[in-house]
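Asks: Mind having a look at this structure? Questions to follow.
The values are calculated or read from the model by the stated rules, or taken from the named source; none is laboratory data. All of these numbers come straight from a predicted model, not from anything done at the bench. Here the Cβ positions follow ideal geometry from the backbone for every residue, glycine too, while neighbour counts run over all protein chains shown.
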Amino acid sequence: MVTYYAVNAGGNMNTAATWSTISAKDASRVGGAVVPSSTSDCIVDDYSGNLTTSATFNCLTLDFAINGNFAGTLTPSQAINIYGNKLTLSSTMTLVSGNGNFAFRAAATFTTNGNNIIPFKIFLSAVGLVTLTEDIYIYQDLYLFGTAVGFTGNFNIYCTDLITATSASQTFKIPNGKTLYVSGAILLSEGWNSLGVANTLTISSNTATSGASLSFSGDYANHFIGRVAFTDITASNKTLYDYQGTLTRTSNIVSLTTPPTAATTTAIGLIG
């Protein structure tokens, strides 16, 4: 396995000129190796320049801190796929908002080092949990592609929309005793709605004990929650109805079947 280092000039992560096999922080680190792949460890350090993407970028691991904190900008326009067990940000780098995303293709540790405001999407794309090292604020959407995905670690998750992205039944795990805050909407994949497939999204804590929480607010018109099962979460604020469909639980069952009017709708919190 070869480790690749981003060069001093930085550049497009999808071109070989941006990557070197030389770790030294001097003129010997020249680009032109190859474009990293899903089996490549990639290091961006305090010698590397600003980075962009022009297409999907694949790597095994990506570390912005292990060889000296990267202090430049990362501006992805496409997915950055992590096929291995870690993505590590530096405390001094700048994440620039755009159309890109971090896509976790395996169980991994996401070390943010204080850089925990993520201005683009997060994709959970494989079976397994992503371990957090602090609360994470996803300023865009959280997409669920894998059938059994979620987070672990003693931290909260904040996102705009929570979106399912497969027609298969899914399980989404929230850290035990912590809260997933959804400020926008929980959206089922289009395949479920248009085809009427009776699959489910199950949201629960990542241990057998009750204790995870879901705090849900936003535009009531976007809240369509049929076929969502909350297995470890206690419902509260039940007087604020902003759902269509039935909220199904194994205990403390709450059925919300009548579409609300705009005048009576604000938010609902599901608290562990």
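Asks: Restricting attention to segment 182-198, and to residues there that are buried (at least 18 other Cβ atoms within 10 Å of the Cβ) and either modelled with pLDDT under 60 or not hydrophobic (A, V, I, L, M, F, W, C) (or both), which single residue is nearest to Ile136 (Cα to Cα)?
Replies: Top of the filtered list is Gly184.
Asks: Can you go through Ala55, Ala65, Ala9, Ala27 and tell me which one is surrounded by 16 or more Cβ atoms within 10 Å (Cβ to Cβ) and assigned to a loop (DSSP other than H, G, I, E, B)?
Replies: Ala65
Asks: Would you be able to tell me the number of residues in segment 90-105 that are modelled with pLDDT of 95 or more and touching a strand residue (DSSP E or B) at 6+ places or on another chain (Cβ under 7 Å)? Lay out the reasoning, then the answer.
Replies: Our first condition is that a residue be modelled with pLDDT of 95 or more; within segment 90-105, this holds for 90-96, 101-105.
Those left that are additionally touching a strand residue (DSSP E or B) at 6+ places or on another chain (Cβ under 7 Å): 93-96, 101-105.
Count: 9.
Asks: Name, by its number, the condition in (1) without any contact (Cβ under 8 Å) to a residue 24 or more places away in the chain; (2) buried (at least 22 other Cβ atoms within 10 Å of the Cβ) that does not hold for Thr94.
Replies: Going through (1) without any contact (Cβ under 8 Å) to a residue 24 or more places away in the chain; (2) buried (at least 22 other Cβ atoms within 10 Å of the Cβ) one by one, Thr94 breaks only (2).
Asks: Going residue by residue through segment 63-76, is there one that turns out to be closer than 23 Å to Tyr143 by Cα, at pLDDT 95 or above and either among the hydrophobic types (A, V, I, L, M, F, W, C) or in contact with a Phe, Trp or Tyr (Cβ under 8 Å, 6 or more places away or on another chain) (or both)?
Replies: So the first thing to find is which residues in segment 63-76 are closer than 23 Å to Tyr143 by Cα, and the list is 63, 74-76.
Checking which are at pLDDT 95 or above leaves us with 63, 74-76.
Narrowing further to those that are either among the hydrophobic types (A, V, I, L, M, F, W, C) or in contact with a Phe, Trp or Tyr (Cβ under 8 Å, 6 or more places away or on another chain) (or both): 74, 76.
Looking through segment 63-76, at least one residue is closer than 23 Å to Tyr143 by Cα, at pLDDT 95 or above and either among the hydrophobic types (A, V, I, L, M, F, W, C) or in contact with a Phe, Trp or Tyr (Cβ under 8 Å, 6 or more places away or on another chain) (or both).
Yes or no, residue by residue, for (1) hydroxyl-bearing (Ser, Thr, Tyr); (2) in contact with an Asp or Glu (Cβ under 7 Å, 6 or more places away or on another chain); (3) farther than 14 Å from Leu62 by Cα; (4) modelled with pLDDT of 95 or more:
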| residue | (1), (2), (3), (4) |
| --- | --- |
| Thr21 | yes, no, yes, yes |
| Ala24 | no, no, yes, yes |
| Ala33 | no, no, yes, no |
| Asp41 | no, no, no, yes |
| Val44 | no, no, no, yes |
| Tyr47 | yes, no, yes, yes |
